Amino acid sequence: MQTSLPSSSPGSMKEHCDHQVDCLKMIQVILDGQATEQQIERLRNNLHTCQPCIQMYNLEKEIKQLLNGKMEKKCCPEQLIASIKARISQFS
Amino acid sequence: MSDTPTRDEQDRPNGPTGPDQTLPEGVSADGTPTEAPVRRYTDEQKYAVFNKEFMPHIDSMYNFAFRLTMDEDDANDLVQDTYLKAFRFISSFEQGTNAKAWLFRILKNSFINDYRKKSKEPAKVDYQDVETTYNSEDAETEHTIDLRAESVSDLIGDEVATALNSLPVDFRTVIILCDIEGFTYEEMAKILDIPIGTVRSRLHRARNLLKEKLRDYAASMGYREQNEE
Ligand SMILES: [Zn+2]
């Protein structure tokens, strides 16, 4: 989801979030692409007013990107592919 | 936020070793289809389905197998077993449906039934123990991990992989399926044979565990970002 984060305007920002665990769960559902429009709208509000929610959102997003982008992705060995094809060709 | 996902402490997952989980849905132990309609593929069609729908997922399958077993030989065996099973039970696969989820489910069940017991992973933490601990009252006064995005952004792939690999296998699994393979909660529920609520709560817990590991890495790097600023 692309949510542009507001540059912090000090006075209006909540420094403390009363629903941190619930907010975190919601943020994860949203980043996983499984949220309803209503949930996304709600988060958008939070991201304009709640400092801890902004931080949680950034962290969750960063970790998701680490997992998806930075970890080595192996290719299946050619030998294994050949072996599987050889085995199933004997099946019929 | 009030419309958060419903708590699901009650909906216990099926045990990891329930009866007959090796086989694809709709196939009984002797290979005869149960509920799923049989698709009478000709031999030629079988090979076509296999090559067109199953083989494109082999790299993802291999990565999944490797992350589960953390051993190349075991990953090889597991992928081969899975593909042979998939071919044998191909008549219970409906062309055009989600082949990747179908294959992942077979692989996961093969792993549980055939590999987990003889796994080389030392001092394995059993899934039940972990889930019980995390379901206990104390654990439910849930917490968030004190960690900043900036602290993890400099971690390299190997460090992330090590952190992920250090998680108990059931927690590792949900992160792989969701964050690396991009399955939906619904697909994960089918692959893992657990309710969607359990998928969500297990994922939440897995991510907290992962963040604790990443926090330790970030700390061991001496908060080098801060020093650089
Ligand atoms: Zn908040």
Result of the Cβ filter at 8 Å on the stretch B:193-207, keeping first residues that are more than 14 Å from residue B:175 (Cβ to Cβ) and partners that are aromatic (Phe, Trp, Tyr) and part of a helix (DSSP H, G or I), at least 6 apart or interchain, is B:196/B:185
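Among the residues of the stretch A:15-26, count how many are more than 7 Å from chain B (Cβ to nearest Cβ) and more than 9 Å from the ligand (Cβ to nearest atom). Walk me through it before giving the result.
Step one: of the stretch A:15-26, the residues more than 7 Å from chain B (Cβ to nearest Cβ) are A:15-18.
Retained after the next criterion (residues that are more than 9 Å from the ligand (Cβ to nearest atom)): A:15.
Count: 1.
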Would you say residue B:63 is modelled with pLDDT of 95 or more, out of contact with any Phe, Trp or Tyr (no Cβ under 9 Å at 6 or more places or on another chain) and away from the ligand (no atom under 16 Å from the Cβ)?
yes
Matching residues in the stretch B:80-116 - criterion: being away from every other protein chain (no Cβ under 14 Å), over 17 Å from the mean Cα position of the chain (by Cα) and open to solvent by 20 Å² or more (accessible area, probe 1.4 Å)
B:94, B:95, B:96, B:97
Within the stretch B:62-71, is even one residue over 17 Å from the mean Cα position of the chain (by Cα) and in a helix (DSSP H, G or I)?
no
Could you tell me which residue of the stretch A:39-69 is nearest to the other protein chains (Cβ to nearest Cβ), considering only residues that are within 28 Å of residue B:161 (Cβ to Cβ) and of a type in the set (Lys, Arg)?
A:64
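The values are calculated or read from the model by the stated rules, or taken from the named source; none is laboratory data. What you see is a predicted model, and the numbers here were worked out from it, not measured in a lab. Because the Cβ atoms are built from the backbone with ideal geometry, glycine has one as well, and the counts that use them run over all protein chains shown. Accessible surface is based on the protein model in full, side chains and every heavy atom, while ligands, DNA and RNA are left aside. Shrake-Rupley method; radii C 1.70, N 1.55, O 1.52, S 1.80 Å.
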